1. Specify which residue in the list PHE191, TYR81, ILE156 is farthest towards the positive end of the charge dipole of the chain, using unit charges on the beta carbon of Lys, Arg (+1) and Asp, Glu (-1), about the Cα centre.
2. Across the stretch 127-137, in residue order, what do the Karplus-derived ³J(HN,Hα) couplings come to in whole Hz, using 6.51 cos²θ - 1.76 cosθ + 1.60 with θ = phi - 60° and x for Gly and Pro?
3. Looking at the P(r) of the stretch 1-53, how many percent of alpha-carbon pairs lie beyond 16 Å?
4. Checking the table LYS80/LYS204; LYS128/LYS193; LYS79/LYS137; LYS132/LYS193; LYS111/LYS153 against a 18 Å threshold on Cα-Cα, which pairs fail?
5. Using +1 at the Cβ of each Lys and Arg and -1 at the Cβ of each Asp and Glu in the chain, identify which of ILE61, LEU122, GLY90 lies farthest towards the dipole's positive end.
6. To test your reading of the geometry: what angle, between 0 and 90 degrees and rounded to tens, separates the Cα axis of helix 54-70 from the longest principal axis of the chain?
7. Give me the one-decimal Kirkwood hydrodynamic radius in Å for the stretch 89-149, with the sum taken over alpha-carbon pairs.
8. How big is the chain along each principal axis, measuring the range of its Cα positions in Å and listing the largest first?
Amino acid sequence: MQLTYNNKDYDILIEKKASNRNTYIRVKKDLKIHVTTSIFSTNRSIERLIKDNYDKICKMIDSEEKKVKNNNGFFYLGKKYVVIYSSCDGINFDKDKVYINHDFDIDKWYKKQAKDLFLERLNYNYEKFSRKIPYPKLRIRKMTTRWGVCNIKTHIITLNLELIKRDICYLDYVINHEMSHLIYGDHSSAFWKLVETNMPDYKKYRDEMKEF
Ligand SMILES: [Zn+2]
């Protein structure tokens with residue numbers, strides 16, 4: 001059995017089990033439609049059910065395809081890698097590919113890389129900074145709406161973990177931006193002037209980041 005959607009045929013896999021009382025339709029990672037149902041369901045009744053739920057199933061296909069597409073890339077320091085899940089040890093990079101073990105914790109790995117790199121870049125940019133500022137304490141968090149936050153009172157700069165996926169120039173920009181807040185709490189022209197002093201081409205990075 002197949003279902004046609006957007007000129008593509010999707011296989012329908014039917015699994016009949018004595019323990020199943022109800023019928024469930026799911027679209028899984030393999031982009032196949034999995035129907036689990038009771039041993040008493042006839043093919044005709046399943047066909048009918050698929051027909052009645054056609055729109056819902058198409059929506060499920062859309063959402064699964066989107067997920068597959070999004071997960072199809074692995075980003076690290078501005079480079080995109082094709083992910084190949086394998087039985088290798090941990091994570092191994094090879095040109096534009098990355099081999100990852102099924103059980104590997106990618107988020108944990110990102111955090112570990114970020115911990116070292118973000119601190120290194122903070123120190124580098126701090127040493128070069130044109131004004132005297134207190135040495136900031138660094139925090140790293142996953143954030144959805146901001147790249148960085150600066151607490152002027154506690155001198156804590158929080159950087160978004162997602163920066164590890166982008167080119168280092170954006171990380172440097174966010175660090176300079178947040179450090180400048182230790183002098184100016186607002187986004188006044190004096191603030192931007194200070195950012196520019198420390199990073200003359202900051203506008204380029206700021207504008208590019210809007211597109212992420
Ligand atoms: Zn700001």
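The values are calculated or read from the model by the stated rules, or taken from the named source; none is laboratory data. On a predicted model such as this, the values are computed, not experimentally measured, just so you know. Positions of Cβ are backbone-derived with ideal geometry, glycine not excepted, and every protein chain shown enters the neighbour counts. Surface accessibility is based on the protein's heavy atoms, side chains included, excluding ligands, DNA and RNA. Shrake-Rupley method; radii C 1.70, N 1.55, O 1.52, S 1.80 Å.
1. ILE156
2. Karplus values, whole Hz, x for Gly and Pro: 4, 7, 4, 6, 10, 7, 9, x, 5, x, 8.
3. Details: 512 of 1378 pairs.
It works out to 37 percent of all Cα pairs.
4. On the way: LYS80/LYS204 21 Å; LYS128/LYS193 16 Å; LYS79/LYS137 28 Å; LYS132/LYS193 16 Å; LYS111/LYS153 26 Å.
Over 18 Å Cα-Cα: LYS80/LYS204; LYS79/LYS137; LYS111/LYS153.
5. ILE61
6. Result, in degrees: 40.
7. Numbers: mean 1/r = 0.0696 Å⁻¹.
Averaging 1/r across every pair of different Cα atoms and inverting gives 14.4 Å.
8. Principal axes ranked by extent give 78, 40, 32 Å for the Cα atoms.
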